[in-house]
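I have placed the structure first, in the form of structure tokens, so that the comments after it can refer back to it.
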Amino acid sequence: AAVVRGGYGMFFEKTRLGATAGFVSPTSMVFSDSFTAAFPTDRADPGPSRGQMPTNPYLVNGPVVNWALLNAAYPPGSQNRNTGTVYLDNPDRRVPYIHQVSLGYQRQLGPQLSTAIDFIQSWTRDQLITFNLNPATRATTARTGSLSYTDLYGIAGQLGISPFRNQVLTRQNLGEGRYSGLNFQLEKRMSNNWSSRISYALAAASSNFENGNQTDTNPFQLLDDPRLDLNEGPNGFVRRHNFVFSGRVQVPRTGGLTASGTYRWMSGTGITIHDTTYDVDRNGQLYDPLAAGEYCGAGQNSICVDNVGGRNGARGPNFQQTDMRFGWRLRPFGETTLDVYFEVFNIFNETNWSNPNGDQRSTDFLVLTSLFGANGYPRQGQFGFRFGF
């Protein structure tokens, strides 16, 4: 027996709170009694960049803050002009959406054995990307170079205020992306006291945005040109390969012992190899991907990567983990049941790392410093009981 299946869908994204939080937060409005102010307001402090203490009067000879001077300039409880990043909503903002098609084939190979293969393709449209209404031009390529701002639409003049001294951000529907996935599965259903499944996914995804969380920034904007073609690259969350093997065994003559487990191996996610020492395109953003080639970190737990250039041109560490579960089902009396189980996560104590820092200027460039998410921790175990009646 065989089955052929397919489908098409158009799905609209919900508006995430993160996408609109900047517009309604008092800390990001034009005037506020509470906002984040950087010193200097618009570029990196040249002091720490040279290994020295901060040079700004509010922080001179830091890390102690000069509160007397700060309170004199910004009296507590008073409303002041926001010298930090300002957010303005976009009246033309639309809800992002996705077109998706799928085509699959499944065939029975035996009484308890089947295989399936599915192809999935999707297209993301109108994804929200942050656009700077007050972009900067840096005087030099140095990270501490002074910035001059261009109010693209004369917003400050329309509001009757002095020019903005920092970014003025909004969200625009400029993002587009594509995903292609090929999923394979071989499944043996429960018989003769055991069952198992092998699955493998081959995926490719690219876009002109990073994560699709409706707050993506665009580090390549130059004045009024988004230059999103330069931001085209693999998605930061996609894994090229994803292999999973799972199974369950009922152990005979053990009074109801069952053992089950899952093994997963995934290839790494993308890393952008860049250097914030310079602002090569002088657009005020310290984010310029480095050329293709091999790059290596230095010191303990450092790695080397092959970089093809551009955003997410390198790949981080792979992931693998094995989880096991052992359980007994007892029948104390009548129809009642008592399940006792013991679970071990990452039973072989594999070390799974998060992506390292891809900034060549950083002292921990390509050095593994943190474990991967909630599933990347060392071996853990837990007992459990469940009473059924």
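The values are calculated or read from the model by the stated rules, or taken from the named source; none is laboratory data. No experiment lies behind these values; they were computed from the predicted model shown. So basically every Cβ, Gly included, is an ideal-geometry build from the backbone, and we count neighbours across all protein chains shown. With ligands, DNA and RNA removed, areas are computed over all heavy atoms of the protein, side chains included. Shrake-Rupley method; radii C 1.70, N 1.55, O 1.52, S 1.80 Å.
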Query raised in the report: What length, rounded to one decimal in nm, is gained on full extension from Gln382 through to Arg325, with 0.36 nm per residue of separation minus their alpha-carbon distance?
Result: 19.6 nm
Requested in this report: Quick one: compute a quarter of the convex hull surface over the Cα atoms of region 209-281 and quote it in nm².
Outcome: 8.6
**Report entry** Cα Rg, Dmax, region 4-106, angstrom units
**Finding:** 23.4, 74
**Report entry** Residues with amide H under 5 Å from that of Ala142, placed H, sequence gap 5 or more
**Finding:** Asp279
Report summary line: Placing one equal point scatterer on each C-alpha of the chain and summing with Debye, one gets log10 I(q)/I(0) at q = 0.08, 0.14 Å⁻¹ equal to -0.63, -1.34
Report summary line: Per its Cα gyration tensor (rounded if a/c is under 1.5, else prolate when a/b beats b/c, else oblate), region 246-291 is best filed as prolate
Query - Residue among Thr130, Phe245, Phe389 farthest towards the positive dipole end of the chain, charges placed on Cβ - result: Phe389
Report task. Take the solvent-accessible surface of the protein heavy atoms, probe 1.4 Å, and return the percent of it on region 69-228 that carbon and sulfur atoms account for. Result -> 54
Query - Residue-normalised accessible area of region 281-389, given per residue in Å² at a 1.4 Å probe - result: 59
Query raised in the report: So, by mean Cβ neighbours within 10 angstrom, what's the order for 109-119, 234-244 with the highest one leading?
Result: 234-244, 109-119
Query - Accessible-area ranking of Tyr200, Tyr278, Tyr295, largest first, probe 1.4 Å - result: Tyr278, Tyr200, Tyr295
Report summary line: Mean accessible area per residue over region 107-235 (1.4 angstrom probe, all protein chains present, square angstrom) is 46
Report summary line: Carbon and sulfur atoms account, in whole percent of the 1.4 Å probe accessible area of region 272-389, for 53
**Report entry** Relative packing of 270-276, 100-106, which averages over residues the other C-beta atoms within 10 Å, highest first
**Finding:** 270-276, 100-106
Report task. Find how much the distance from Asp229 to Gln106 grows on full extension, using 0.36 nm per residue of separation minus their present alpha carbon separation; answer in nm with one decimal. Result -> 40.4 nm
Report summary line: Between the residues Leu103, Val367, Asn283, the Cα farthest towards the positive end of the dipole of the chain, that dipole coming from +1 and -1 charges on the beta-carbon of Lys, Arg, Asp and Glu, is from Leu103
Report summary line: When the charge dipole of the chain is computed with +1 on Lys and Arg Cβ and -1 on Asp and Glu Cβ about the Cα centre, the Cα farthest towards its positive end, among Phe164, Val340, Gly18, belongs to Val340
Requested in this report: Calculate the spin-label point distance for Gln158 paired with Arg81, positioning each point 7 Å from the Cα along the beta-carbon direction, and give it in nanometres.
Outcome: 1.9
